[in-house]
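Asker: There's a structure below that I have some questions on.
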Amino acid sequence: MKNKLYIVATPIGNLGDISKRIADTLSEVDFICCEDTRVTGNLLKHLKITKELISFNAKSETKKIGYVIERIKKGESCALVSDAGTPGISDPGIRLVNTAINEFIEVVGIPGPNAAILALSISGLPTESFVFEGFIPQKKGRQKKLKELAEEKRTIILYESVYRIEKLLNELSEYMPERFVVVCRELTKKFEEYWRGFPSQLIDEMESKTVKGEFVVVIASLGWKEKE
Ligand code: SAM
């Protein structure tokens, strides 16, 4: 394992999704870079692993990269995890991966959960080609992005927070009312559910639903019709 950087996916809710390889890697590396030491600390507790944790998040990434790379070059192995899902996907990590590659450090991916791909795979919407946009801008640039997305032909995957999910559905009913949408809430968790319909239908239905938790929004490719 010496001199390697492991990019390790972790559960997006259900701890049963930890594979043997994920657990083995976290147990065998010398140290783990993580977003929130409390979140990863709990995961390690569940796995009965004691390991050095280094806080590595959007704020500290720039400061810590050099230190992490030096340790790997000196012979240690490091796992990078995020709070949930696959590191680097709407989460920190890509700059560390890039630096490692430039420094000729071997980067090994340990696959596992990712909310976007899981949502797409159960959406029933076309998967041959799709675009992942993560979180669209909260304020400045949001309208421009929505206009752009309205022109997008492929299936679109978005992440949205609980604070803006209703706003997003209202915006979709304005910018792309004809496109079928699947909202996936709390994937892999106890209150997992899917809302399927056109944006205006979903807004009406929302009144009777619990609007809590985490959301992935999958928007059908242009012209796609239900029961095709
Ligand atoms: N790196 C993560 C991944 O691989 O999916 C994504 C991290 S991003 C900071 C967090 C967002 O991912 C949430 O706001 C939500 O949009 C989506 N997400 C993560 N877990 C989810 C879940 N269990 N159910 C639905 N959406 C989820």
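The values are calculated or read from the model by the stated rules, or taken from the named source; none is laboratory data. Remember, it's a predicted structure, so these values are computed and weren't measured experimentally. Positions of Cβ are backbone-derived with ideal geometry, glycine not excepted, and every protein chain shown enters the neighbour counts. Heavy atoms of the whole protein, side chains included, go into the accessibility calculation; ligands, DNA and RNA do not. Shrake-Rupley method; radii C 1.70, N 1.55, O 1.52, S 1.80 Å.
Asker: Is it the case that segment 44-65 has a residue that's buried (at least 20 other Cβ atoms within 10 Å of the Cβ) and either assigned by TED's automatic domain parsing to the domain that holds ARG154 or closer than 30 Å to MET176 by Cβ (or both)?
Answerer: No, every residue in segment 44-65 fails to be buried (at least 20 other Cβ atoms within 10 Å of the Cβ) and either assigned by TED's automatic domain parsing to the domain that holds ARG154 or closer than 30 Å to MET176 by Cβ (or both).
Asker: Also, I was wondering about something else. Which of the numbered conditions does ARG95 fail, given that it passes all the others? Conditions: (1) open to solvent by 20 Å² or more (accessible area, probe 1.4 Å); (2) under 16 Å from LYS4 (Cα atoms); (3) touching a strand residue (DSSP E or B) at 6+ places or on another chain (Cβ under 6 Å); (4) of a type outside the set (Val, Ile, Thr).
Answerer: Checking ARG95 against (1) open to solvent by 20 Å² or more (accessible area, probe 1.4 Å); (2) under 16 Å from LYS4 (Cα atoms); (3) touching a strand residue (DSSP E or B) at 6+ places or on another chain (Cβ under 6 Å); (4) of a type outside the set (Val, Ile, Thr), the one that fails is (3).
Asker: Please go through segment 161-186 and pick out each residue that is within 15 Å of the ligand (Cβ to nearest atom) and either of a type in the set (Val, Ile, Thr) or open to solvent by 10 Å² or more (accessible area, probe 1.4 Å) (or both).
Answerer: Once the filter is applied, which keeps residues that are within 15 Å of the ligand (Cβ to nearest atom) and either of a type in the set (Val, Ile, Thr) or open to solvent by 10 Å² or more (accessible area, probe 1.4 Å) (or both), segment 161-186 yields SER161, VAL162, TYR163, ARG164, ILE165, GLU166, LYS167, VAL181, VAL182, VAL183, ARG185, GLU186.
Each row is one residue, and each column tells you yes or no for (1) assigned by TED's automatic domain parsing to the domain that holds GLU192; (2) more than 30 Å from GLU192 (Cα to Cα); (3) surrounded by fewer than 16 Cβ atoms within 10 Å (Cβ to Cβ).
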{"position": "LEU15", "(1), (2), (3)": "no, no, yes"}
{"position": "LYS74", "(1), (2), (3)": "no, yes, yes"}
{"position": "ALA79", "(1), (2), (3)": "no, no, no"}
{"position": "ASP83", "(1), (2), (3)": "no, no, no"}
{"position": "PHE104", "(1), (2), (3)": "no, yes, yes"}
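Asker: Inside segment 79-109, can you point out the residues that are within 13 Å of the ligand (Cβ to nearest atom) and either more than 16 Å from THR188 (Cβ to Cβ) or basic (Lys, Arg) (or both)? Steps first, please.
Answerer: Let us first name the residues in segment 79-109 that are within 13 Å of the ligand (Cβ to nearest atom), namely 80-94, 109.
Selection gives LEU80, VAL81, PRO87, GLY88, SER90, ASP91, PRO92, GLY93, ILE94, GLY109.
Asker: Sticking with this structure for a sec: Identify, by number, the condition in (1) within 16 Å of the ligand (Cβ to nearest atom); (2) in contact with a strand residue (DSSP E or B) (Cβ under 8 Å, 6 or more places away or on another chain) that GLU61 doesn't meet.
Answerer: Condition not satisfied by GLU61: (2).
Asker: Where residues in segment 111-149 are surrounded by 18 or more Cβ atoms within 10 Å (Cβ to Cβ) and away from the ligand (no atom under 15 Å from the Cβ), which of them is nearest to SER90 (Cα to Cα)?
Answerer: Selected residue: LEU149.
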